[in-house]
Each structure stands twice: as C-alpha cells, then as structure tokens.
Amino acid sequence: MPGKGSTARFDVVILAGGAARRLSGRDKPGLVVGGQTLIESVVAAAAGAERITVVGPRRDGLDGVGFVREDPPGAGPVPALRRGLAEVSAPWVAVLAADLPFLRAEHIAVLLNAGLLNAGLLNAGLPDEPLGAVLVDDAGREQWLAGCWRTAVLRAALDEYRGESLHGLLRPLNPVLLDPALVVASGEPPPWLDCDTPEDVERALDLLSRSD
C-alpha cells in the first residue's frame, strides 16, 4: 500500500450518533468485529491525529477521545459534522463513520497524502483542484464518511450549506476519488466496508475469518 505515513497535522471527527434503523436500532458502533467494537477500530485507525472527536453518546474505554452531541441529537450527519468540526484546530480533518472495522491508519495516511498533493497544485494556482480525498468502494461509490479535507475549506462549505446530505455538501468540493486498487493490497479486507445492515456485519465477520 502506498503512503504508509503522512506529515500532515490532522484531527479526526467520527460520526457515531445515527439511529441504526437498518440494524433495528442496535448499538452499531458497539458491535464487536475482530475482538473489538467497531468504534474502537476506527479510533485505533485515527491514532495519529492530534485530536479525536466523537459526535455521539459518550462511551467508556476510549481514552483520549472527546465526545460532543449535535443539537438536537439524531439531527443527521450534516449537523453532526458541523458540531464535530467546531472542535477541530488542525489544518486537515478526517471525517469518518463509526462502523468501519477494516479502516487502518495507513488508509488515513493515503487520504491525507492525496489531499496534500492536490493542495500543492491548488496553491500553484491551477483551477478546479480537489480540496480533499475520499475512498471509493469497489462498485465506484464515493464513501463520504471515509475522507480527509482541508479544515478551512470544509468549514467554509458548512457555513454556506443549508441542505441535509453529505453528498450535497462534499461533492462540490471536487475531492480526489481514490481508486480501490491504490488503497487496498490484494487479499486485504476493504476499509470502506461499513456495517449498516445485518448482512454487512456478516460479510465483515466472513472476511475476517478468511484472513485469519
């Protein structure tokens, strides 16, 4: 995997306040895959951040993590991101879901390096340069809760945005869309796999058993 590390200073915002309706309201971030909860896996992947903020209910056992809630709780991903971004002071921010069992620090580094490269092009005065980077899954879909962004740009976009969808907020920022082949080595489980449904959880457990 390219880009094993990054020199960028970054914070992390983890969105963990959803209702998990497709999991019948179960505590999705608290589901266990591979011997740890989903949110523990994401926090471990974010270990290189200067600050980690979880937007969602407070949880025990996540040392060094700050917790905040959107107002009102459950208002949706855009209000949650807006609240989490208020805690960010680093020049870059990774915006992550709380249910990514296979996300690792190396994947965040790849995103940051892609963002840094294109920020350099932007500073050279080239038009329409990306202002962040997101993972793309093996079906070509952007994973908006697996991305890194220039903090100032994301904050400005949120200040002007009045919609409710992350796609509507983030797609106009023209992010780098990272080809899965550049992110995942052969045989590795996909870092973009999120556990939204019982079938997703079963798939994650199956992939984990195959990699043992």
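Observations, loosely collected:
- Gyration tensor verdict on the chain (Cα atoms; rounded if a/c is under 1.5, prolate if a/b is larger than b/c, oblate otherwise): oblate
- Available extension along the chain between L208 and E188 is 6.2 nm, counting 0.36 nm per residue and deducting the alpha carbon span.
- Relative contact order, percent, the chain [alpha-carbon distance under 8 Å, six or more residues apart]: 25
- Positive-end residue, the chain charge dipole about Cα centroid, Cβ charges, pick of F102, S186, S89: S89
- For the chain, the membrane-span-like helices by this rule, meaning whole DSSP H stretches whose C-alpha atoms cover at least 15 Å of axis and whose Kyte-Doolittle mean is 0.0 or above, are 105-123; this says nothing about an actual membrane.
- Helical contribution to [θ] at 222 nm, DSSP H n ≥ 4, -39,500 (n - 2.57), averaged over the chain, rounded to 500: -9500 deg cm²/dmol
- In terms of packing, defined here as the mean over residues of other Cβ atoms within 10 angstrom, the peptides 91-104, 46-59 line up highest first as 91-104, 46-59.
- Dipole moment magnitude, nearest 20 debye, the chain about Cα centre, only Lys, Arg, Asp, Glu C-beta charged: 420
Taken together, the values in this text are just the output of simple stated rules run on the coordinates, not laboratory data. All figures in this text were calculated on a predicted structure; none of them were measured in a lab. Cβ coordinates were reconstructed from backbone atoms using ideal geometry, including for glycine residues, and neighbour counts include every protein chain displayed.
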